1. Here are A:G325, A:G350: which of them is at pLDDT below 85, at positive phi and within 14 Å of chain B (Cβ to nearest Cβ)?
2. Out of B:V150, B:V165, B:V124, which single residue is touching a residue at least 60 places away in the same chain (Cβ under 8 Å) and within 16 Å of ligand 2 (Cβ to nearest atom)?
3. Filter the stretch A:1-49 for residues that are open to solvent by 70 Å² or more (accessible area, probe 1.4 Å) and modelled with pLDDT of 95 or more and give the result.
4. What is the number of the single condition among (1) in a loop (DSSP other than H, G, I, E, B); (2) away from ligand 2 (no atom under 16 Å from the Cβ); (3) not hydrophobic (A, V, I, L, M, F, W, C) that B:G138 does not meet?
5. Find the strands (runs of 3 or more DSSP E) located wholly in the stretch A:131-215 whose residues include 3 or more that are open to solvent by 10 Å² or more (accessible area, probe 1.4 Å), and list them.
6. Looking at the stretch B:59-75 only, could you name the residues that are within 18 Å of A:E200 (Cα to Cα) and either within 12 Å of another protein chain (Cβ to nearest Cβ) or hydroxyl-bearing (S, T, Y) (or both)?
7. Say whether the condition of being β-branched (V, I, T), within 16 Å of ligand 3 (Cβ to nearest atom), open to solvent by 20 Å² or more (accessible area, probe 1.4 Å) and within 14 Å of another protein chain (Cβ to nearest Cβ) is met by at least one residue in the stretch B:133-154.
8. Which one is farthest from ligand 3 (Cβ to nearest atom) among residues in the stretch B:78-108 that are among the aromatic types (F, W, Y) and open to solvent by 10 Å² or more (accessible area, probe 1.4 Å)?
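The values are calculated or read from the model by the stated rules, or taken from the named source; none is laboratory data. All of these numbers come straight from a predicted model, not from anything done at the bench. Using ideal geometry, Cβ is built from the backbone for each residue, glycine included, and neighbour counts are taken over all protein chains shown. Heavy atoms of the whole protein, side chains included, go into the accessibility calculation; ligands, DNA and RNA do not. Shrake-Rupley method; radii C 1.70, N 1.55, O 1.52, S 1.80 Å.
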Amino acid sequence: MLRQIEGSHAIAESVARCRPEVVCAYPISPQTHIIEAIGVMVKEGTLAPCEFINVESEFAAMSVSIGASAAGARAYTATASQGLLFMIEAVYNAAGLGLPIVMTLANRAIGAPINIWNDHSDAMAVRDSGWIQLFAETNQEAADLHVQAFRLAEELSVPVMVCMDGFILTHAVEGVDLLDQEQVDRFLPPYEPRQVLDPEDPVSIGAMVGPEAFEEVRYLAHLRQLDALDRIPEIAAEFSEMFGRDSGGLVRPYRLEDAETVIVAMGSVLGTIKDAVDERRDAGERLGVLGITSFRPFPLEAVRQALAGRERVVVVEKAFSLGMGGVLATDVAMAIGTTTLHTVVAGLGGRPITRTALLDMLERARTGRLATLSFLDLDEGVIARERARMATVRRSGPFAENVLRDLGRPREDQA
Amino acid sequence: MSETRVHFYQVGSFAVGNRLLSADERTVQSDRRRTNSIDSGHRACQGCGEALGARYALDAAMRVTSGQLVAVNATGCLEVFSTPFPETSWQIPWLHSLFGNAPAVATGVAAALRVKGRDQVRVVGQAGDGGTVDIGFGTLSGMFERNDDVLFVCYDNEGYMNTGVQRSAATPPTARTATTDAVGPEPGNAFGQGKDVPRIAMAHGIPYVATATVADLHDLERKVERAMSFHGARYLHVFVPCPLGWGAASSETIHVARLAKETGIFPVYEAEYGEVTGVTKIRRQAPVTEYLRLQRRYAHLFGHPGRPDVVARLQAMADANIARYGLLATEEDE
Ligand SMILES: Cc1ncc(C[n+]2csc(CCOP(=O)(O)OP(=O)(O)O)c2C)c(N)n1
Ligand code: SF4
Ligand SMILES: [Mg+2]
């Protein structure tokens, strides 16, 4: 049912219908209204069973979410700006452990100088953390993305951050059509963890991983992001089929057909950009827009296709890397670049970068066999075994530990 | 299940194999059915007090909970020496997240168990002194203040051992560490005001706070058992000598721990809801020099000319503990 509602309250209701079992957060503008509203629902008993925990810092909020998720509960938190930076060590940790926590990021600038208003610097500060980052254009999309986020996170065992512009969206009152409980239940199955702390089946989670396996563990996390590139549009399509509404997906093209110039952006500014484009289109200019919904994983292929053959691409972004320039623009350049550019990831977690491996890599580059993104000295066998395990068993366990156990086993080819 | 071979540890006069006691008075460690929560084969140094303390505490907790236990561990020696995977020593569900967040992670685990209706499963958080009194202090205090259902155990070896023996807020005055070297006019750690976390825990008014040492196995196990009889936040501060960091012989771990108690340097007591309810009296009082001389971290206080003035200050600290907690046995105690 379409209702006039504040963005934050729409998110709170949408999250509540996802039946989170542990909600733990620390207040910071412009996220406060979301967690206040969830707090009320838990206290009055309309959201149950659910534990709402007030903590002493964002670092604790993410840490409580980590513990709750590892013990098998559906966990949710929300933050912004300084709060995200305060929890950053735990943000990386949640992703590294593969815990499907969902977090709303009410995007806000980072100080100094202190500033409570919207930009995307906070999201950019954790873009390499291993979280999936989805950007909402409207409050309707933000509300829908949360439902999709839990589904995606739990399927892949990866945490998902739903980014929505602080104040511009969180505090805007506009029409939002919220799914009812029965609809959400149909779309989002109960959480079935891949790994769980259980006295009946004791596992160690969070073990020390040395150079012998760190790269494979990291690469597996990257593969899950690539899996998300497939699952994000599939889940969005399913959502649209069930509820008749387009929300989510990887990218959002607008009037691209014959566009010579394409403007690329993320978040609520897309609305304004589309208005401007409509106006110039009326004046005869061939303009189009490409909205990026999934910033991590970054949809290189979709962006490449959307931007192929254009005369000009303009990236409008609410963050930049000081001393360098655009952040989103760098990713877009990676998608459309004409010069052959390769990335070779090497030396993760102390793995030696050997001369032999480097020479081999250079030879592959010379003969055109080097992929755009490759991983030096990656043990494909270990990756294949863990992927196979994940494909066949839901409770496949902590993946870092699985990889190490595999490495400890005598190899079939040697046995 | 295949039977685990029992290794006996020498633990002084309250020895594990004390066959003179009736079966129900014997320690968990002397029982073949103990869990071996942290199993042999880990990489701790020989004589590591922390390895011993963790094993005692967790096996006792396992017994009282009938095996319904989850452990959350901070970064530190205990975490590193127990899990160079795939050789994990943990026979119980175990989660390591970060250095400074174990109390909050434990809160999250407890919340999940409650919401799932699995109240019979209990949660133990554990960390070294660094993870407890320094970097984890904020999350610890938050967990206490909310009275979350977690037993938090601090294994106090008085320094950051895992990173190579640097000073923590639990490092005693004058002790040599890598960041408070025994050089200059005032060698070793400076005299500060100290940070007495058991008393700070008591100030939170939580149901149970206790201190213990690895020298008294019966006392340690009993305190774990007592702690598990409460719900809400509980805190156990265990004194665990570190042979490597303290420059003590591996074979002296129990002796050093016992002397810490017998000198008054480490008061052993328990408290409920903020009030001290029991004190372990000194059995044979020893001067602090007896304790200090066993450890190279205090070597600069002795020899010629030595620093009798500084030793006197340390003795005064021990005497203050003795007075505060009434650690000396009186006529009535006999
Ligand atoms: C945020 C952070 N800072 C620093 C470290 C490095 N570090 C790891 S363990 C440790 C010391 C642990 O000391 P303590 O908690 O007393 O445990 P111990 O090793 O002495 O048992 C330090 C400083 C870290 N892992 N994380
Ligand atoms: S350095 Fe100390 S605390 Fe660490 S394993 Fe060795 S004896 Fe134990
Ligand atoms: Mg320590």
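1. Numbers: A:G325 fails: within 14 Å of chain B (Cβ to nearest Cβ).
One residue alone meets the criteria, A:G350.
2. Working: B:V150 fails: within 16 Å of ligand 2 (Cβ to nearest atom); B:V124 fails: within 16 Å of ligand 2 (Cβ to nearest atom).
B:V165 is the lone residue from the list that is touching a residue at least 60 places away in the same chain (Cβ under 8 Å) and within 16 Å of ligand 2 (Cβ to nearest atom).
3. Of all residues in the stretch A:1-49, those open to solvent by 70 Å² or more (accessible area, probe 1.4 Å) come to A:1-4, A:9, A:19, A:26-27, A:36, A:40, A:43-44, A:46, A:49.
Correct list: A:R3, A:Q4, A:H9, A:R19, A:Y26, A:P27, A:E36, A:V40, A:K43, A:E44, A:T46, A:P49.
4. Only one criterion is unmet by B:G138, namely (1).
5. Numbers: elements: A:132-135, A:160-165, A:173-177.
Hits in the stretch A:131-215: A:173-177.
6. B:A61, B:M62, B:T65, B:S66, B:G67, B:Q68, B:L69, B:V70, B:A71, B:V72
7. Step one: filter the stretch B:133-154 for residues β-branched (V, I, T), giving B:133, B:135, B:139, B:150, B:153.
Now narrow it down to the ones that are within 16 Å of ligand 3 (Cβ to nearest atom): B:133, B:135, B:153.
After this cut, where a residue has to be open to solvent by 20 Å² or more (accessible area, probe 1.4 Å) as well, the list is B:135.
Narrowing the set further to residues that are within 14 Å of another protein chain (Cβ to nearest Cβ) leaves B:135.
Yes - at least one qualifying residue is present in the stretch B:133-154.
8. Residues of the stretch B:78-108 that are among the aromatic types (F, W, Y), as a first pass: B:81, B:85, B:90, B:94, B:99.
Narrowing the set further to residues that are open to solvent by 10 Å² or more (accessible area, probe 1.4 Å) leaves B:81, B:85, B:90, B:99.
Values: B:F81: 13, B:F85: 22, B:W90: 19, B:F99: 11 Å.
So the residue we want is B:F85.
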